[in-house]
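What follows draws every value from the coordinates through simple rules; no lab data is involved. Keep in mind that this is a model prediction, so the values were computed, not measured. Because the Cβ atoms are built from the backbone with ideal geometry, glycine has one as well, and the counts that use them run over all protein chains shown.
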Amino acid sequence: MKVNVIVSPAVVEELYFSGKTTVVIDVLRATSTIVYALMNGAKEIIPVGSVEFAMKASSTMFGGQTLLAGERNTKMIDGFNMGNSPAEFTQEKISGKGIVLFTTNGTRAIVKSKYSANVIIASFLNINAVAEYLVQLNENVEIVCSGRNNQLGMDDTVCAGKLIQLLAEKTENLELNDSSLAAVVLAKSQGKNLKKMMQGSDHGKILIENGFQDDIAFCAKTNITDIVPVFVNGVIKPLKKDEVPQTEENVEQN
Ligand code: MLT
């Protein structure tokens, strides 16, 4: 299994992902929010790449019964029902509902990876379950860190490195390149205290400035769920337990 880490989706074109298995990470906060929303019973999440499209999608889908969530500069957008703070996605608010989600970096990265054969959503909250699934899939992996303003984000790159470390524990069949090795080195040096690492990160500092410090502690939680969200036909839903695609390699392996 070859693993490549892309430190910002800005460095690749949409078509780069054609047919690939892609993991998208935006620890602060989009992919943590998506995982938590599905844990709390959201029916599905529709990630979108622009506010305009979010407005249009939420008014046309399911007879306008979807919630519109997201942020600009970390804050809720005027006219939206919710921001992008995981704490807002409680069972009471979202259970059984579809959510259209726009975020500055995270949902754009997900939308950009749409031509992949498999798109998997990862965060620290579900990192072990994602690693298990990748081992089952046994395909080469592109890990896309959403980053910030087209630059590397420490939170995402450390999460990528930790995911690779987990893969290394679960399979011998791992081939790393410069970027995946660099992510592992970063995870080893910066990943001992996730909360502290995120508080000191560029995006963490902005979240703290805007009053979202509790979100950092939440997003630093590890393995609180085994939900593996997958993005299929424009919609993110949890992977069903027995839903491992039967590729030639994993048929042989099983
Ligand atoms: C993003 O997609 O840029 C983030 O999720 C921003 C945020 O912290 O809400």
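Using C-alpha pairs under 8 Å with a sequence gap of at least 6, the mean separation divided by the residue count of region 2-229 gives a relative contact order of 33 percent.
Restricting the count to DSSP beta bridges whose residues both fall in the chain, what percent are antiparallel, rounded to a multiple of 5? Can you show the working numbers first?
Values: 9 of 35 bridges.
The antiparallel fraction comes to roughly 25 percent.
Across region 148-213, Cα pairs under 8 Å and at least six residues apart give a relative contact order of 40 percent. Peptides 28-40, 74-86 ranked from most to least packed by the mean count of surrounding Cβ atoms within 10 Å: 28-40, 74-86.
Applying 0.36 nm per residue to the separation of residue 213 and residue 232 and subtracting their alpha-carbon distance, the gain on full extension is 3.6 nm. Extension gain, residue 188 to residue 117, is 22.5 nm, computed as 0.36 nm per intervening residue step minus the present C-alpha separation.
Karplus-based coupling profile of region 102-116, in residue order and whole Hz: 10, 9, 4, 10, x, 6, 5, 5, 5, 4, 5, 8, 4, 7, 5, with θ = phi - 60° in 6.51 cos²θ - 1.76 cosθ + 1.60 and x standing for Gly or Pro. Summed over all non-identical Cα pairs, the Kirkwood treatment of the chain gives a radius of 17.9 Å.
If each residue of separation counts as 0.36 nm, what is the full-extension length gain between residue 152 and residue 195 once their alpha-carbon separation is subtracted?
Working: separation 43, 0.36 × 43 = 15.48 nm, distance 1.80 nm.
That pair, residue 152 and residue 195, stretches by 13.7 nm at full extension.
The helix-based estimate of mean residue ellipticity at 222 nm for the chain, built from -39,500 (n - 2.57) per DSSP H run of four or more residues and divided by its residue count, is -11000 deg cm²/dmol to the nearest 500. Each semi-axis of the equivalent ellipsoid for region 1-131 is √(5λ) with λ an eigenvalue of the Cα gyration tensor; in descending order they amount to 24, 17, 14 Å. Distances between every pair of Cα atoms in region 57-197, grouped in 5 Å steps from 0 to the bin holding the largest one, split as 2, 8, 15, 18, 19, 15, 11, 7, 3, 1 percent. Its Cα centre serving as origin, region 2-229 has a Cβ charge dipole (Lys and Arg +1, Asp and Glu -1) of approximately 240 debye.
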